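See below for the structure under consideration.
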Amino acid sequence: MATLNVMQTAIRGRWAVAAIFLANGFLTGAWAPQIPVVLTRLDISKFTLGLLILLFGAGAVTAMTWCGHLISRHGSRTVLRWFGLIGSFGLLVVALAPNVPLAAIAMFIFGGSIGGMDVAMNANAVTVERRLSRAIMSSSHGFWSLGGFAGGALGGFAIQNYGHLAHATVVTALAFAVIAVAVRYLVAEDKPQVTEHHKFALPGNPLVYLVGLMALLTMISEGAVLDWAALYLQQELGADLAIAGLAYAAFSGVMAVIRFLGDGVRNRFGAVTTLRVSALVAAAGMLVAGLAPSPWLAISAFAFCGFGIANMVPILFSAGGNQEGMSSGTGMSVVTTMGYSGILVAPSAIGFIAEHSSFGPIFVALSGLLVVVFLMAGLAHRAEFSPEPAPAE
């Protein structure tokens, strides 16, 4: 009976953390159609917008740095509660900012809440995997993409018809409601080991940094679609705001579907083969998006790119967490930090380049980075593993 109760608790925790992934993706996806509004509402240049996005990344990286320490002391469940409930208000704070200085502060807070929430929910998903003795990471990221699809698809229409502030208010209310219910059912680690985090040393195995580099190159492309695809469609391909918001929605929607299938595909064909094929598909999609003459072709190409990128990140995270000679937490921290630097910080550089060029050539260049991941795919062989049952207590 006790074993049954533990399993039921773990199953509830599995769906609770899935709901957190969904809410986090929804908040992130809802931000994408707000980006062109920030540009016009504050009357700023692409370069200034890029700096604001950089502050979002700086806030996220700062929170990620502290989040690992907080999880070691208080556990992922407690930390996820803090960041989740606070993070649901991040988009609304940005939408309320009336000028650039306040927008800068709001972006740092928004990025920090999303970044901390991201680390904590991934850590909690690992805890659930150990309780269930099976992988749930790919499908958890599928819920994140599903949330991103919903946020992006509805955002452009809502902003165009009801205004950016009404949109941000509704998004906040929905995210807060989901998170407030979900945090009640999250599972907790048995005993956070504070002593493991007193000493800090960089891993000596260079392979983990190469895997982190692949994650970086992959997530640069993901961040570029999130932050700049809508503006690309609107300014260079002549789409209105409602259609422009569909670029990230299509990207995330396809990613969601493929990520729900990801564990089965990976088990059948192997992690390295899946990564190689995925990288080629993503590169082709990004190339066509950068050369597209019309908004609808670009949207379709971004969707195809999402098909490829979908399982690349979960595979690379698994490879990072299974390196020889180091704990799974140490390897995972290196790969996730390097990877999220791509999705959070690199888009600001893209904004600077776009100020002096255009977005089309940038997306073409990003397809080349995905080809590099294809060439390096063999280094992810440590992702070829089967989850082991948690040790008996």
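Filtering G142, G116, G148 for residues that are free of Cβ contacts under 8 Å to residues at least 60 places away in the same chain and open to solvent by less than 40 Å² (accessible area, probe 1.4 Å) leaves a single hit, G116. Looking only at the stretch 352-375, which residues are over 17 Å from T48 (Cβ atoms) and open to solvent by 40 Å² or more (accessible area, probe 1.4 Å)? Listed by number, the residues that qualify are P361, V364, A365, L369, V371, V372, F374, L375. If you go through the stretch 119-177 and pick out every residue that is closer than 30 Å to S72 by Cβ and outside any helix (DSSP H, G or I), you end up with 4. Listed by position, the helices (runs of 4 or more DSSP H) contained in the stretch 187-303 that have at least 2 residues being within 26 Å of G111 (Cα to Cα), at pLDDT 80 or above and open to solvent by 30 Å² or more (accessible area, probe 1.4 Å) are 206-236, 246-269.
Can we say G321 is modelled with pLDDT under 90 and open to solvent by less than 50 Å² (accessible area, probe 1.4 Å)? Yes: the conditions hold for G321.
Table: residues versus (1) more than 24 Å from M137 (Cα to Cα); (2) at pLDDT below 70; (3) part of a helix (DSSP H, G or I).
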| site | (1), (2), (3) |
| --- | --- |
| S341 | no, no, yes |
| S348 | yes, no, yes |
| I353 | yes, no, yes |
| P361 | yes, no, yes |
| V364 | yes, no, yes |
| L369 | yes, no, yes |
| A377 | no, no, yes |
| P387 | no, yes, no |
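Per the conditions (1) under 21 Å from R14 (Cα atoms); (2) surrounded by fewer than 23 Cβ atoms within 10 Å (Cβ to Cβ); (3) among the β-branched types (V, I, T), the sole criterion not satisfied by I179 is (2).
State the number of residues belonging to the stretch 64-113 that are touching a Cys at 6+ places or on another chain (Cβ under 8 Å) and either open to solvent by 20 Å² or more (accessible area, probe 1.4 Å) or outside any helix (DSSP H, G or I) (or both).
Within the stretch 64-113, residues that are touching a Cys at 6+ places or on another chain (Cβ under 8 Å) and either open to solvent by 20 Å² or more (accessible area, probe 1.4 Å) or outside any helix (DSSP H, G or I) (or both) number 1.
Among the numbered conditions (1) buried (at least 19 other Cβ atoms within 10 Å of the Cβ); (2) modelled with pLDDT under 85, the only one that A158 does not meet is (2).
For A135, indicate whether it is open to solvent by 10 Å² or more (accessible area, probe 1.4 Å) and among the aliphatic types (A, V, I, L, M). Spelling it out, A135 is indeed open to solvent by 10 Å² or more (accessible area, probe 1.4 Å) and among the aliphatic types (A, V, I, L, M).
State whether the residues of the stretch 33-46 include one that is open to solvent by 20 Å² or more (accessible area, probe 1.4 Å), small (G, A, S), closer than 14 Å to G147 by Cα and out of contact with any Leu (no Cβ under 7 Å at 6 or more places or on another chain). No: the stretch 33-46 contains no residue that is open to solvent by 20 Å² or more (accessible area, probe 1.4 Å), small (G, A, S), closer than 14 Å to G147 by Cα and out of contact with any Leu (no Cβ under 7 Å at 6 or more places or on another chain).
The values are calculated or read from the model by the stated rules, or taken from the named source; none is laboratory data. Just so we're clear, the structure is a prediction, and the values are computed from it rather than from any experiment. Reconstructed Cβ throughout: ideal geometry from the backbone, glycine too, with neighbour counts over all protein chains shown. Remember, those area values only see protein heavy atoms, side chains included, never the ligands or the DNA or RNA. Shrake-Rupley method; radii C 1.70, N 1.55, O 1.52, S 1.80 Å.
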